[in-house]
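Okay, structure first, notes after.
Every read-out reported here was derived from the displayed coordinates using simple, explicitly stated rules and does not represent laboratory data. Predicted model only: the values in this text are computed from it and were never measured. Note that each Cβ is placed from the backbone with ideal geometry, even for glycine, and that neighbours are counted across all protein chains shown.
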Amino acid sequence: MKSPESIYISSIGCYVPKKIVTNDDLAQTVDTSDEWIHSHTGIRERRIADTEEECSDLAVKAVLDLFAKDAGHKEGIDGIVVATATADHYGFPSTACIVAEKLGIKGAAALDIGAGCTGFIYALEVARAMILSGSMTKALVIGAEKLSNVVNWKDRNTCVLFGDGAGCVLLEKTEERKGIIDSTLHAEGSGSLALAITKESRTITMEGRAVYNFAVRAIGDTVLELLRRNDLSIDKIKWIVPHQANKRIINACSKRYGFKAETFYMNIDRYANTSAASIPIALAEMEEKSLLKAGQYILFVGFGAGLTYGGTLIQW
């Protein structure tokens, strides 16, 4: 949906746990190896939260990182939208409500979004729409996951893929002609069982080939849709920031659709797949490296359980 007003990202924060689990570490408990994992996924290591750290704790620490850059950012926040598949509690209260309580933010609208690895894209659009409608004026959008809670550590096909972490952005209105330009959200419910947390085991199950084929197509089609709708060519896009799921997916998409591989920002080697947290974690890292420049066109692309997918076009 195209926006008549400008909503922009005014600040970014992230948090990843201190504990690093390498591929060699996993090879001590399941039949795998660093060479196999890296060649098939691009992953070298992942961060794993402490037992006592909840998903909401990861989210709070990401927001505190954002506030550390400017304490004034906390003033006036009246919306919190959290994208997560690994909430502290199955049901109520929502992670967003817990985050609001832990941060001492009173009276803000607070809700969770469950759209799997596309969750941050969905949450970004929900918050933007609520700001445009007047329901919010200044909103935290958070992607936070403690996937180590829902990984079957005996399944070598899935346990090597995931990590824990959180990232967030602050959305505000601006009078300048920049910020979020357009977004698109989709779902293919017929493939919902291809990637799921099952009721029986409460762990992640995945049909690898089906998810791979879906992801390659979803990324490419989302990029092309946003380019077409906004009369842009791919050479105008400085960065594509994809959900960090698998480097081979990105390479296959780049080859199939003719996108330059260097346009995609990847950090999966160090954090693995952090689901809804992966895009904001990548953004925080890009900001730290001074890669985000005023005027750049940037695309966020998410895809994952649901099967959901979508994207956001931003002028920085």
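Could you tell me the ratio Rg/Rh of the chain? Both radii from Cα atoms, Rh via Kirkwood. Spell out each step's value before the answer.
Working: Rg = 18.2 Å, Rh = 19.3 Å.
Ratio of gyration radius to Kirkwood radius: 0.94.
What is the list of residues in the stretch 30-55 whose amide nitrogen lies under 12 Å from a point 7 angstrom out from the Cα of Asp269, following Cα to Cβ?
Label zone hits: 38-39, 42-45.
Give me the lysines in straight-line cross-link reach of Lys61: C-alpha distance below 16 Å, same-chain residues under 8 apart excluded.
Straight-line reach from Lys61, under 16 Å: Lys18, Lys19, Lys69, Lys74, Lys102, Lys146.
Report, in whole Å, the centroid distance computed from the Cα atoms of the stretch 284-307 and the stretch 174-199.
For the stretch 284-307 versus the stretch 174-199, the Cα centre distance is 14 Å.
Restricting attention to the alpha-carbon atoms of the stretch 174-316, what are Rg (one decimal) and Dmax (integer), both in Å?
Every Cα atom of the stretch 174-316 included, Rg and Dmax give 15.4, 50 Å.
Can you pull the three principal axis extents for the Cα set of the stretch 72-175, in Å, largest first?
50, 26, 24
Report, ordered by chain and residue number, the lysines lying within cross-link reach of Lys260, taken as a straight Cα distance under 20 Å and ignoring same-chain residues fewer than 8 apart.
Correct list for Lys260: Lys236, Lys238, Lys247, Lys293.
Reported to two decimal places, what Rg/Rh ratio describes the stretch 124-181 when computed on Cα atoms with Rh from the Kirkwood expression? All intermediate terms of the calculation are to be shown ahead of the outcome.
Values: Rg = 17.2 Å, Rh = 14.0 Å.
Checking Rg against Rh, the ratio lands at 1.22.
For the stretch 143-238, max minus min Cα coordinate along each principal axis, in Å, sorted largest first?
50, 29, 23
Using only alpha-carbon positions, what ratio does the radius of gyration of the stretch 10-132 give when scaled by 2.2 N^0.38 Å?
Values: Rg = 17.2 Å, N = 123, 2.2 N^0.38 = 13.7 Å.
Here the answer is 1.25, to two decimals.
Cα to Cα, under 14 Å, and not fewer than 8 places away if on the same chain: which aspartates and glutamates meet these conditions relative to Lys178?
Straight-distance partners of Lys178: Glu5.
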